[in-house]
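The values are calculated or read from the model by the stated rules, or taken from the named source; none is laboratory data. Not measured: the values here are computed from a predicted model. Don't worry about glycine lacking a Cβ; one is built from the backbone with ideal geometry, like all the others, and counts go over all protein chains shown. The area values use the complete protein model at the heavy-atom level, side chains included, leaving out ligands, DNA and RNA. Shrake-Rupley method; radii C 1.70, N 1.55, O 1.52, S 1.80 Å.
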Amino acid sequence: MAAAVVCRTLLPVARRRLWGFAPRLPLRGAAAQPLCFGGNRLRSTQVATQVVLNVPETQVTCLENGLRVASENSGLSTCTGTKKRSQLDLELEIENMGAHLNAYTSREQTVYYAKAFSKDLPRAVEILADIIQNSTLGEAEIERERGVILREMQEVETNLQEVVFDYLHATAYQNTALGRTILGPTENIKWIHKKIFSFNLGVCHDELLELAKFHFGDSLCAHKGEIPALPRCKFTGSEIRVRDDKMPLAHLAIAVEAVGWAHPDTICLMVANTLIGNWDRSFGGGMNLSSKLAQLTCHGNLCHSFQSFNTSYTDTGLWGLYMVCEQATVGDMLHVVQKEWMRLCTSVTESEVARARNLLKTNMLLQLDGSTPICEDIGRQMLCYNRRIPIPELEARIDAVNAEMVREVCTKYIYDKSPAIAALGPIERLPDFNQICSNMRWTRD
């Protein structure tokens, strides 16, 4: 049995991963052109008719106070103290159960999760409810947490990929919530306004439902009236450059605005992201790699590694590429990347899309390799879609994507769009921002 409680706010107790940026860094660029999402097209939304064996149904029940309980039964079986338990008592109780308790935070979600035996389900639910609703934050706990945060900030500063992605969000979503970091000021922490309670493996849904009603029945009733809508996070095409010629390698991320989880173009962008792929010098294959960008990179020795990404949030997202290059090749590598992006908009082939579809389905299934990732997937999908999408339906959506759709969607979100760029290291040869924007419209020979 695994459990997770997912909240739509950034709470101060969790595993934080991002690093704050210095406000004095140069920030410039033009605002990105607004995207026209067009009509309500039903692209790649048909439901599959086939049945996948050994994939149990996810049961969902909504309580009167808005709490949604989701569970999936397959037949298998660090936080502060609370008003009922001291930190030591809580640690001893979890250890004596043979359970595992942890929490982490992303930009939009906070997750508390527990793994325990099925027979200990009532105790696990009660402990999670106690932690969420009755945590005690005394002066000693606050001071200890402050020290943890400072140490985590020092650790993240050494992870240049995390630093670059933090800069990328800061410039892409200026003056919005997504532009701030998880390790931000406490006044930006919002109150809890939505919770998802999800369980996976060896759990009776009716038993879980009764436990959720008992322990969480009145926890969401404090707010009267409708919950105010959150403002949309506006994307801005711009750049942050932090030049440091003493660093051995340049770290660069470039991205355009993508879409949220529930948008019909999400699947097409995921396939396009898989087409770009990832590569580093430890890969074998050379010119026989399936990714065209990997072939060009390997042939020209343009970078040490690159990794495409498609990060989705509620109503927006980032689609782009992160690369690590030497000082002499950073400009050439960026040009090759943009040239490959333009190829996706104009001449990607059916065979390439078919390969990307198969690889995407494989990667998505490989991520669900245990009770914890399955439980996290249930909670995330409940927040994003208000339901758990069955695997056959997800496969049908992916299979419905063809080359024409990829070209159309990439033209819509990539071609002639102002990107967001974050660069760190010896970046003297990185082209000017205006030149980079012009290469989003045409490519040189």
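Evaluated over the Cα positions of region 239-439, the convex hull gives a direction-averaged projected area, one quarter of its surface, of 11.8 nm².
As a calculated quantity, the FRET efficiency between residue 247 and residue 441 at R0 = 35 Å, using C-beta atoms, amounts to about 0.65.
Taking 0.36 nm per residue of sequence separation and removing the Cα-Cα distance, the residue 354/residue 299 pair yields an extension gain of 17.4 nm. Take the residue pairs 246/292; 234/412; 361/417; 246/417 and return only those whose Cα atoms are more than 22 Å apart. Flagged as over cut-off: 246/292; 361/417; 246/417. Length gained on full extension, residue 315 to residue 155, computed as 0.36 nm times the residue gap minus the Cα-Cα distance: 54.5 nm. Computed extension gain for residue 282 through residue 404, at 0.36 nm per residue and net of the alpha carbon distance, reaches 40.6 nm.
Each Lys or Arg adds one and each Asp or Glu takes one away; over the other residues whose Cβ falls under 13 Å from the Cβ of residue 297, this sums to -1. Between the amide H of residue 242 and those of 423, 424, 425, distances stay under 5 Å, these residues lying 5 or more places away or on another chain, with hydrogens modeled in the peptide plane.
Peptide packing: for 92-102, 269-279, the average count of neighbouring Cβ atoms within 10 Å per residue gives the ranking 269-279, 92-102, highest mean first. The relative contact order of region 239-439 comes to 39 percent, based on Cα pairs under 8 Å that sit 6 or more residues apart.
The local environment of residue 328, defined by Cβ-Cβ distances under 13 Å, has a net charge of -3 under the rule Lys, Arg +1 and Asp, Glu -1.
Heavy-atom accessible surface of region 239-439, averaged per residue, reaches 37 Å², computed with a 1.4 Å probe. Each label point was placed 7 Å from the Cα along the Cα-to-Cβ direction; for residue 363 and residue 126 their separation is 4.4 nm.
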